[in-house]
Amino acid sequence: MTMYPTHADMNDDWPFFGRVGPGDYDDEMEGLYPKYFVKKHYDPEDKHAECEYFVLDWKHDPFTIPAVLAYADACEQRYPALAADLRAKAKEYSSAPVPKEEGEG
């Protein structure tokens, strides 16, 4: 098994199952570790079974909004609808102003 488990690794034998909980890690000191189990909602060919994901928390992580806005800027040319949706979600969770999209008043 790799350091970052795949979906195939996620079973009762996985070393972190039942062991990861409050107090098990110091998030500020730990770095990357397998904190969440993510699976693509619809993947009939299992194309994403071996993929790794990085989860952001809109409500509690102060770095989520700037990270998502940077991602929106990066993907905007190829995925304009996704960029707009990400900016709208950031605005929803932000108490600070979100940069305006081109064409907004």
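No value in this document is a laboratory result; all are computed from the given coordinates. All values derive from a computational prediction rather than experimental measurement. Positions of Cβ are backbone-derived with ideal geometry, glycine not excepted, and every protein chain shown enters the neighbour counts.
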* Asked: What pairs in K39/K89; K59/K91; K59/K89 have C-alpha atoms more than 19 Å from each other?
  -> K39/K89
* Structure fact -> So for R0 = 25 Å, FRET eff. of Q77-L32 from the Cβ-Cβ r, to 0.05, ends up at 0.30
